[in-house]
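Trainee: Pasting in a structure now, in structure tokens, and then I'll have a few things to ask.
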């Protein structure tokens with residue numbers, strides 16, 4: 001067991017705890033309404049703030065979407081910190097998982113695609129965390145449009161890799177758990193998108209709940225990599241890099257070797273054509289021109 005086993009758990013615990021703290025701060029500061037509230041009004045008269053209590057009159061602007069919870073200070077500062085630190089930890093998990101898969105099996109396009117989608121997910125997290133929806137809506141929505149699909153693609157590809165690498169019954173059990181988490185993430189993301197495009201208060205609130213479910217689901221999925229990271233060593237990353245370098249070296253070496261053989265064959269063929277003369281004259285016999293070397297020379 002290595003220290004890397006702490007990384008996935010830390011990512012899940014830090015991010016889940018952090019976003020719920022952001023939510024609690026937003027509710028207490030009257031920036032959003034609590035999740036359990038399903039009653040909304042078209043307009044609200046200005047009400048006296050009651051410290052320590054949530055809002056009693058809510059409008060469409062107060063729906064507790066994750067992005068809305070991190071729109072205003074002081075919670076926006078913590079929201080940005082969570083996005084940046086979480087993105088860094090996501091990249092670390094993706095790189096280690098990529099190297100670990102190479103270490104235990106041959107590289108494949110699924111593993112590479114998972115790495116790319118995971119890093120894309122991290123880029124989207126940075127954008128979502130640093131461009132608040134109420135201050136830079138376009139950039140925030142671009143980040144959300146990147147991070148949510150990329151995160152879903154990453155977990156789906158990791159399900160495939162988990163089944164491919166499974167050996168023991170416990171490995172297959174973990175693969176089944178990840179499929180269930182990926183399925184839950186897919187359903188919640190689709191429902192969130194469907195509900196979000198409607199103006200209904202109830203559907204907008206349902207979209208917020210689905211968004212929270214999706215986010216927590218993905219973070220729990222990242223935490224499951226603790227199962228594999230118990231075998232990760234400090235050399236795992238180097239193995240992945242060396243394997244990639246080895247493949248590129250083989251391709252370059254193979255090309256150079258083929259060129260050398262081709263040149264050698266051409267030269268040898270030319271020498272053979274000159275040496276194999278007909279005993280009765282100075283011209284080359286007819287059948288020599290049908291050899292591969294002679295054809296190559298022509």
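Trainee: Looking only at region 154-179, filter to residues that are free of Cβ contacts under 8 Å to residues at least 40 places away in the same chain and touching a helix residue (DSSP H, G or I) at 6+ places or on another chain (Cβ under 6 Å); which one of those is farthest from residue 76 (Cα to Cα)?
Mentor: Only one residue fits best here, namely 166.
Trainee: How many of the residues making up region 175-194 are over 19 Å from the mean Cα position of the chain (by Cα) and crowded, with 17+ Cβ neighbours inside 10 Å?
Mentor: 2
Trainee: Can you tell me which residue is nearest to the chain's Cα centre (by Cα) among those in region 57-83 that are assigned to a helix (DSSP H, G or I) and more than 24 Å from residue 192 (Cβ to Cβ)?
Mentor: Taking the candidates together, the pick is 81.
Trainee: Please work out which residue is surrounded by the fewest Cβ atoms within 10 Å (Cβ to Cβ), limiting yourself to region 120-156 and to residues that are more than 16 Å from the chain's Cα centre (by Cα) and part of a helix (DSSP H, G or I).
Mentor: The extreme case among them is 138.
Trainee: Now for a separate question. I'd like to know if region 202-222 contains one or more residues that are crowded, with 17+ Cβ neighbours inside 10 Å, within 21 Å of the chain's Cα centre (by Cα), over 21 Å from residue 183 (Cα atoms) and at pLDDT below 95.
Mentor: Within region 202-222, none of the residues are crowded, with 17+ Cβ neighbours inside 10 Å, within 21 Å of the chain's Cα centre (by Cα), over 21 Å from residue 183 (Cα atoms) and at pLDDT below 95.
Trainee: Working only within region 110-119, note down all residues that are within 21 Å of residue 81 (Cβ to Cβ) and surrounded by fewer than 20 Cβ atoms within 10 Å (Cβ to Cβ).
Mentor: 119
Trainee: Would you confirm, using the coordinates I've provided, whether residue 231 is within 26 Å of residue 9 (Cα to Cα) and surrounded by fewer than 17 Cβ atoms within 10 Å (Cβ to Cβ)?
Mentor: Yes; evaluated as a whole, the condition is true for this residue.
The values are calculated or read from the model by the stated rules, or taken from the named source; none is laboratory data. What you see is a predicted model; the values in this text were computed from it and never measured. Backbone-built Cβ (ideal geometry, glycine too); neighbour counts: all protein chains shown.
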